[in-house]
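Report on one structure; see the data block that follows.
The values are calculated or read from the model by the stated rules, or taken from the named source; none is laboratory data. Computed from a prediction, not measured in an experiment: that's the story for all the values here. In this analysis, Cβ positions are derived from the backbone assuming ideal geometry, glycine residues included, and neighbour counts consider all displayed protein chains. Surface areas here come from the heavy atoms of the whole protein model, side chains and all, with no ligands, DNA or RNA. Shrake-Rupley method; radii C 1.70, N 1.55, O 1.52, S 1.80 Å.
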Amino acid sequence: MSANALPAHYDKVFTTPLDKASRFSFDEQVVACFPDMIRRSVPGYGQVLAMLPIFAKRHCQFGQVNAAGKKVSRIYDLGCSLGGATMALVGEAGGFDIDDLQIKAVDISPAMTTKAAALLKENYPKHDIDVITADIRDIDFKPCDMVVLNLTLQFLPPADRTQVLQALYQSLNTGGILVLTEKTHAIDEQDDAWLVERYYDFKRANGYSELEISGKRNALENVLVTDTLDEHHQRLAQVGFARSVTWFQFLNFASMVAFK
Ligand code: GEK
């Protein structure tokens, strides 16, 4: 099928050769096809989202108070894109009441937050959800019960990652959790090569061409910088988390939960 014949929401970003210097960015073109892109590019994306309300149910302690004086649990969805994690949290699976959670959904891309705000308002008009356009490195985090960093930390320069995690550790209440999902790399070169190759097979199986796979790989170079799982757990320990566990892994993608 030619790219032109595909539906409008289908990810066609890398169907034509790009200037070698083009860097991946979360612009209007990416926003338009984002749900399709992330579903076809991130192994286990749906499974990770589905577990968020289950984790929230266990760890939200209603330690914050909303504007109406009701006890709520504040949750940060950082690098929220179109609000997939937020929607999973407030959706029916969680079983929360409409005013139980206060969600702060943050993204640096105005194209993302504009669309996220519209989608969230349309689907969850009565929930306490604030969509904020900001760099997560600049936020003064308020006390919270849960933080979701779903595929976001990997886009920060490595030197800035500890400082953000430190701020999040400070803002979490005791008993709270940070869910950190990342693309990772393996220490062993052969293991890593196998995981990466099977990841490209996963993308091929989801309809991406060789041109799209190599185009996106080039565009993400130095934009998405991966750590190993060990580096993640060490950094989490370094900022104060007494315990962290890898609860999900699918090829070179993994999700961890850190406990305060
Ligand atoms: C999901 N969590 O659907 N501050 C705020 N946002 C940032 C920053 C920053 N410094 N850097 C990048 N972003 C989502 C998916 S996507 C993952 C997250 C992906 C934002 C960026 O604009 C983008 O929307 C998001 O992080 C990463 O569960 O596309 O691979």
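What the table below lists for this structure:
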{"item": "Accessible area of residue 109 in the full protein assembly, 1.4 Å probe (Å², nearest 10)", "result": "10"}
{"item": "Residue 248-residue 198 FRET efficiency (beta carbon distance; Förster radius 22 Å; 0.05 resolution)", "result": "0.85"}
{"item": "Cross-link partners of residue 71 among lysines (Cα-Cα below 30 Å; sequence separation of 8 or more within a chain)", "result": "57, 104, 115, 121, 126, 142, 260"}
{"item": "Exposure ranking of 181, 174, 15 by accessible area [1.4 Å probe, largest first]", "result": "174, 15, 181"}
{"item": "Loop GluC sites (Glu not before Pro), the stretch 161-260 (other Cβ atoms within 10 Å of the site Cβ: 14 or fewer; DSSP)", "result": "221"}
{"item": "Computed over the stretch 20-259, Cα set: Rg, Dmax in Å", "result": "17.6, 56"}
{"item": "Heavy atoms of residue 260 accessible to a 1.4 Å probe, total area in Å² rounded to 10", "result": "60"}
{"item": "Cβ-Cβ FRET estimate between residue 211 and residue 237, R0 fixed at 35 Å, reported to 0.05", "result": "0.25"}
{"item": "Residue order for 172, 229 - accessible surface, 1.4 angstrom probe, largest first", "result": "229, 172"}
{"item": "Positive minus negative residues near residue 128 (Lys, Arg vs Asp, Glu; Cβ under 12 Å)", "result": "0"}
{"item": "Exposure of residue 113 as accessible area (Å², to 10), given a probe of 1.4 Å and all protein chains", "result": "10"}
{"item": "Cβ-defined net charge surrounding residue 245, 15 Å radius [Lys, Arg +1; Asp, Glu -1]", "result": "+2"}
{"item": "Calculated FRET efficiency for the pair residue 50/residue 259, C-beta based, R₀ 22 Å, to 0.05", "result": "0.60"}
{"item": "Helical mean residue ellipticity (222 nm; -39500 (n - 2.57) per DSSP H run of 4+; nearest 500) of the chain", "result": "-12500 deg cm²/dmol"}
{"item": "Solvent exposure ordering (accessible area, 1.4 Å, most first) of 241, 259", "result": "259, 241"}
{"item": "Solvent-accessible area, 1.4 Å probe, carbon plus sulfur percent, for the chain", "result": "53"}
{"item": "Probe 1.4 Å, accessible area per residue of the stretch 20-259, Å²", "result": "46"}
{"item": "Label zone at residue 65, where the point sits 7 Å out along the Cα-to-Cβ direction: the stretch 162-176 residues whose backbone N lies under 19 Å", "result": "173-174"}
{"item": "Spacing of the two label points (7 Å from each Cα toward its C-beta) at residue 221 and residue 28, in nm", "result": "2.9"}
{"item": "Mean-position separation - Cα centroids, the stretch 198-260 and the stretch 30-100, in angstrom", "result": "20"}
